[in-house]
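The values are calculated or read from the model by the stated rules, or taken from the named source; none is laboratory data. Given the structure is predicted, the values throughout are model-derived calculations rather than measurements. Here the Cβ is made from the backbone with ideal geometry for all residues, glycine too, and neighbour counts use every protein chain on show.
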Amino acid sequence: MIQAEDRRFHQHAGVDWAIASPAPALRHRQGVGCAALRYSVHRIRRADATITGVAPIISVSNLSKTYASGFQALKSINLDIRRAEIFALLGPNGAGKTTLISIICGIVNPSEGAVSVDGHDIVAAYRTVRSMIGLVPQELTTDAFETVWATVTFSRGLFGKPANPGYIEKVLKDLSLWDKKDSKVMTLSGGMKRRLLIAKALSHEPQILFLDEPTAGVDVELRKDMWQVVRTLRASGVTIILTTHYIEEAEEMADRIGVIAKGEIILVERKDELMRKLGKKQLVLQLHNRLTGIPPNLAVYGLEVNADGSELMYTYDTRAERTGISALLKDLSTAGIVFTDLNTTQSSLEDIFVDLVRKSK
Ligand SMILES: Nc1ncnc2c1ncn2[C@@H]1O[C@H](COP(=O)(O)OP(=O)(O)OP(=O)(O)O)[C@@H](O)[C@H]1O
Ligand SMILES: [Mg+2]
């Protein structure tokens with residue numbers, strides 16, 4: 001467990017750095033790096049909307065938030081969420097994720113702009129909108145002296161839904177809380193409390209579920225169970241919006257990913273498309289004879305040799321018209337370099353973001 005947490009910490013640190021930086025670069029370097037990417041993303045989004053022709057379930061227009069302190073947490077956000085998708089909102093601490101979710105759920109008032117949920121304005125039709133939404137808040141707030149069963153049943157009642165013990169039982173079982181149904185909330189562990197928040201959010205059978213940092217403090221095994229619950233919900237038509245610092249989580253779960261930094265959405269893209277378009281691949285060749293340097297006729301490929309000269313690495317762009325692999329293999333043969341094995345690796349989402357930042361500098 002300690003190791004797993006360590007790993008998350010390192011990723012966390014990496015992600016914060018990786019995502020925090022593009023925003024200013026975007027503003028100042030239009031037409032290159034990230035700015036070019038943003039342009040293409042916007043074009044794709046519009047094209048997507050036309051092709052699918054389905055109205056988004058949530059539509060956020062020119063949404064800004066300035067807190068009473070004068071701090072501007074959101075800057076003119078435009079975002080559409082599609083029905084029954086899993087949308088991951090990815091961004092570092094303080095990016096504005098919780099603020100955005102809180103506005104959509106009617107907990108925080110927007111300063112400018114509008115949000116509609118299934119065609120209803122969130123301010124004019126507050127009750128209708130709220131009853132469609134389940135919210136798993138980032139902060140643990142629990143009624144310590146109640147039992148698990150009573151807490152979840154009460155939550156359902158708050159939304160005016162008739163009692164349905166069978167449904168509550170299913171929710172508790174799905175979240176591995178059934179054996180704790182008669183325990184007082186104060187006796188639950190941190191991870192169990194977080195799962196209880198999910199059970200509460202699902203108690204009134206919402207069409208939309210917001211999960212704000214749902215896996216903080218939840219162990220690896222249970223995290224997997226939670227994702228299974230989320231996938232099952234999506235399959236039944238529920239739209240899911242989750243926030244996370246962890247690219248790993250977005251990569252595993254999301255259909256689409258939105259990256260938010262310093263109150264601005266800097267990227268919205270289908271996960272697979274994002275990876276396909278931006279992913280670098282690396283070809284690694286295991287050499288028959290060790291190399292001490294790169295022969296001059298291979299200089300154009302920007303090859304790298306590992307420390308002991310036994311491997312040759314070629315990084316290529318999957319987006320390019322030509323990857324250069326055939327030419328490279330031909331030139332290797334001409335140079336008399338023989339390899340015994342080869343493999344390719346594709347960048348992870350994290351590599352992609354680190355790469356974005358490097359390019360935008
Ligand atoms: N009530 C408030 N008054 C003033 N500033 C606030 C308030 N709530 C949030 N902020 C500020 O707005 C910014 C965005 O906060 P928010 O909680 O939305 O970030 P977040 O992306 O959810 O971060 P985290 O990943 O740490 O949860 C932060 O700089 C925060 O300090
Ligand atoms: Mg937050």
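Below is a table of values for the structure above.
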item	result
From VAL108, VAL115, VAL129, residue being farther than 30 Å from ASP179 by Cα, assigned to a loop (DSSP other than H, G, I, E, B) and either out of contact with any Lys or Arg (no Cβ under 8 Å at 6 or more places or on another chain) or within 16 Å of ligand 2 (Cβ to nearest atom) (or both)	VAL108
Residues of the stretch 53-77 satisfying the condition of being among the polar types (S, T, N, Q) and either outside any strand (DSSP E or B) or under 17 Å from the mean Cα position of the chain (by Cα) (or both)	SER69
Close pairs (8 angstrom Cβ cut-off, 6 or more residues apart or separate chains): small (Gly, Ala, Ser) in the stretch 204-227, within 16 Å of ligand 2 (Cβ to nearest atom) anywhere	ALA216/GLN138; ALA216/ARG194; GLY217/ARG194
Qualifying residue in the stretch 169-180 (condition: buried (at least 17 other Cβ atoms within 10 Å of the Cβ), within 20 Å of the chain's Cα centre (by Cα), modelled with pLDDT of 90 or more and at negative phi)	no
Of all residues in the stretch 229-260 being over 16 Å from the mean Cα position of the chain (by Cα) and in a helix (DSSP H, G or I), the one that is farthest from ligand 1 (Cβ to nearest atom)	ALA235
Within the stretch 80-101, tally of residues that are within 16 Å of ligand 2 (Cβ to nearest atom) and either charged (D, E, K, R) or assigned to a strand (DSSP E or B) (or both)	5
Subset of the stretch 74-107 that is surrounded by 17 or more Cβ atoms within 10 Å (Cβ to Cβ) and out of contact with any strand residue (DSSP E or B) (no Cβ under 7 Å at 6 or more places or on another chain) - its residue that is farthest from ILE266 (Cα to Cα)	GLY106
Cβ-Cβ under 7 Å pairs, at least 6 apart or on other chains, the stretch 100-112 side outside the structural domain of SER61 (by TED's automatic domain parsing), far side of a type in the set (S, T, N, Q)	none
